[in-house]
C-alpha cells in the first residue's frame, strides 16, 4: 500500500485530497504544519509528500522541505509542492530545495491525480 503525507494548514484541502487520492491502495496521512510533517514522515515513511509552502507557525513548507531533503531517512521521498505561492522565485526555490513537482492553487484535480500517479510509479 502506497502512503501519501498531505501537509497543509487548511483542513478542508486535506480532506479533499483524502477523498480524491485515497483509495484501497493508498493510505493518506495528514499534517497541519511543517513540524508535524517531519514527525509523521519519520514514523510513517511515506512514498510521497504533498507540501504547502505557506503555513502558520515557526516552520513554513520550504523550511520543512529543506529538512526533509537533508535527512537520510526522508531524502529519497518525492515531494510535490502544492501552494498558492505561484511565483517563479518560489517555484525555483522549491525545486532547488528538492521538490520533484510544483503545482499552484487553485489546481486541476485530474492533473494532480496524474502527477501523484507518476510520482508513485
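The values are calculated or read from the model by the stated rules, or taken from the named source; none is laboratory data. Everything numeric in this text was worked out from a predicted model, so none of it was measured. Every residue, glycine among them, receives a Cβ derived from its backbone with ideal geometry; neighbour counts consider all protein chains shown.
Going by the structure shown, is residue 24 modelled with pLDDT under 95, out of contact with any strand residue (DSSP E or B) (no Cβ under 7 Å at 6 or more places or on another chain), surrounded by fewer than 21 Cβ atoms within 10 Å (Cβ to Cβ) and more than 16 Å from residue 120 (Cβ to Cβ)? In short, no. Do we have any residue at all in segment 86-95 that's over 21 Å from residue 34 (Cα atoms), outside any loop (DSSP other than H, G, I, E, B) and more than 14 Å from the chain's Cα centre (by Cα)? The answer is yes; a qualifying residue exists.
Here is a list: 82, 53, 62. Which entry is surrounded by 15 or more Cβ atoms within 10 Å (Cβ to Cβ), part of a strand (DSSP E or B) and under 11 Å from the mean Cα position of the chain (by Cα)? Step through it out loud before you land on a result.
On the way: 53 fails: part of a strand (DSSP E or B); 62 fails: part of a strand (DSSP E or B).
On inspection, the qualifying residue turns out to be 82.
Among the residues of segment 104-121, just one is touching a helix residue (DSSP H, G or I) at 6+ places or on another chain (Cβ under 7 Å) and buried (at least 18 other Cβ atoms within 10 Å of the Cβ), namely 116.
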